[in-house]
Structure formats: structure tokens, C-alpha cells
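The values are calculated or read from the model by the stated rules, or taken from the named source; none is laboratory data. What you see is a predicted model, and the numbers here were worked out from it, not measured in a lab. Counting neighbours? That spans all protein chains shown, and the Cβs are built from the backbone with ideal geometry, glycine included. The area values use the complete protein model at the heavy-atom level, side chains included, leaving out ligands, DNA and RNA. Shrake-Rupley method; radii C 1.70, N 1.55, O 1.52, S 1.80 Å.
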Amino acid sequence: MSLTRRQVLALGGGAVATLALPRPIPASPIGEVEMVGTARGERIWFAPRGLAVAPGTTLRFVNRDSGNSHTATTYHPDLYGRPRRIPAAAEPWDSGFLLPGESFQVTLTIPGVYDYYCIPHEMAAMIGRIVVGGPGAPEWEGPSEDTDDMMPEVRAALPSVDAILSLGRIGEDGSQ
């Protein structure tokens with residue numbers, strides 16, 4: 001590796017030796033979660049509904065529903081006073097309303113279970129679960145047991161952590 005005179009001067013003497021060694025550039029994996037619905041709008045969902053990812057994965061939520069706007073919003077007291085259903089050390093997110101074709105990205109670094117929903121369509125069970133890392137990871141936080149503000153039918157639509165870890169991704173109908 002050769003450096004220009006400007007690079008050597010900017011770096012200083014000691015840093016040059018370090019730069020001479022090749023370094024792998026860590027890849028930032030990107031996953032995608034689609035917001036979809038039927039043509040007449042009678043059903044809406046996140047695809048996949050359950051997803052397992054490694055810490056550091058960036059997820060892109062894309063609205064592919066031509067007839068509705070959607071959000072991807074974590075359950076968290078800072079967002080609309082909802083009980084926390086993400087790891088305590090994680091930052092909550094709210095995509096805001098995404099029109100058809102728009103997208104939102106978030107990078108998940110804290111291991112644990114993240115439950116999220118679409119604000120206008122939560123009661124139609126437009127919810128999802130992301131598992132970052134696995135139960136053996138340091139700082140791992142499993143799923144919330146809080147059931148105070150979630151209808152049983154909506155809660156039942158969340159795939160189990162074991163199923164997500166086993167299959168890697170779970171579709172709207174429970175398939176892979």
C-alpha cells in the first residue's frame with residue numbers, strides 16, 4: 001500500500017506502520033421488511049413477520065402496499081406511552097408514516113427481542129418481531145411478558161422467539 005506525501009503528513013509517523021497492514025472492512029448486513037397488503041386492503045402485514053438477524057444489521061422497512069401508508073414503530077414508553085417490548089439498552093424507533101414506495105432504515109446493535117407495530121393497523125395484527133443475536137449473547141433480553149395494552153389476538157400473532165431462531169424468518173402466514 002503506498003501513501004501520498006499528504007496522507008503521511010496528515011497521519012503522523014506512528015500511524016503509517018499501522019496503515020501498512022491490510023484490514024478487513026466489516027460489512028454491514030442489510031435486511032428488508034416489507035409493508036404489504038391485499039389489493040382491496042382487507043389484509044395488511046409485515047413480511048416477514050418474524051426475523052432473526054445478527055447484531056449490527058441494518059433493516060430497511062419498505063412500504064410495498066399501493067393503497068395504504070404504514071409505520072414501523074417499536075413498543076416503548078417514549079413512543080405513545082406503550083409498554084417497552086425492546087431491550088432496555090436499545091433505542092426505540094418510529095418510522096413516521098411511509099407512503100407507498102417510501103422506506104425507513106434502522107440499525108440494531110443490542111441483542112434481544114424487538115416487537116414493533118404499524119400505528120394505524122395494529123388492531124389488524126400488523127405487528128412484527130425481530131430477534132437480534134440469541135439467548136447466549138451478552139446483554140440478551142428476551143421477549144416482554146407485559147400484556148397490559150395488547151389485545152390477545154394481536155399478541156398471538158407474534159411468532160415465538162424459538163420459531164424465529166429455528167427458521168430465521170417467518171412469513172405472514174407462519175411459514176418460512
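Residue selection: GLU122 fails the criterion of being of a type in the set (Asp, Glu) and in a loop (DSSP other than H, G, I, E, B). Between GLY136, GLY101, the distinction of being on the phi > 0 side of the Ramachandran plot and either of a type in the set (Phe, Trp, Tyr) or over 17 Å from the mean Cα position of the chain (by Cα) (or both) belongs to GLY101 only. Scanning region 54-89 for residues that are touching a residue at least 60 places away in the same chain (Cβ under 8 Å) and surrounded by fewer than 21 Cβ atoms within 10 Å (Cβ to Cβ) gives ALA54, PRO55, THR57, ARG82, PRO83, ARG84. Scanning region 155-172 for residues that are outside any loop (DSSP other than H, G, I, E, B), within 23 Å of HIS121 (Cα to Cα) and of a type outside the set (Val, Ile, Thr) yields a count of 3.
Considering only residues that are open to solvent by 80 Å² or more (accessible area, probe 1.4 Å) and either touching a strand residue (DSSP E or B) at 6+ places or on another chain (Cβ under 9 Å) or more than 24 Å from LEU108 (Cα to Cα) (or both), look in region 138-150 and name the one that is modelled with the highest pLDDT. Here the residue is GLU139. Restricting region 107-137 to residues that are touching a Ser or Thr at 6+ places or on another chain (Cβ under 8 Å) and open to solvent by 20 Å² or more (accessible area, probe 1.4 Å), the residue that is farthest from ASP149 (Cα to Cα) is THR107. Could you please find all residues in region 29-44 being assigned to a strand (DSSP E or B) and open to solvent by 30 Å² or more (accessible area, probe 1.4 Å)? Within region 29-44, ILE30, GLU32, GLU34 qualify.
Could you give me the residue pairs with C-beta distances under 6 Å whose first residue belongs to region 32-47 and is free of Cβ contacts under 8 Å to residues at least 12 places away in the same chain and of a type in the set (Ser, Thr, Tyr), whose second residue is outside any strand (DSSP E or B) and surrounded by fewer than 19 Cβ atoms within 10 Å (Cβ to Cβ) wherever it lies, and which are 6+ apart or on separate chains? Between residues of region 32-47 that are free of Cβ contacts under 8 Å to residues at least 12 places away in the same chain and of a type in the set (Ser, Thr, Tyr) and residues that are outside any strand (DSSP E or B) and surrounded by fewer than 19 Cβ atoms within 10 Å (Cβ to Cβ), there is no close pair.
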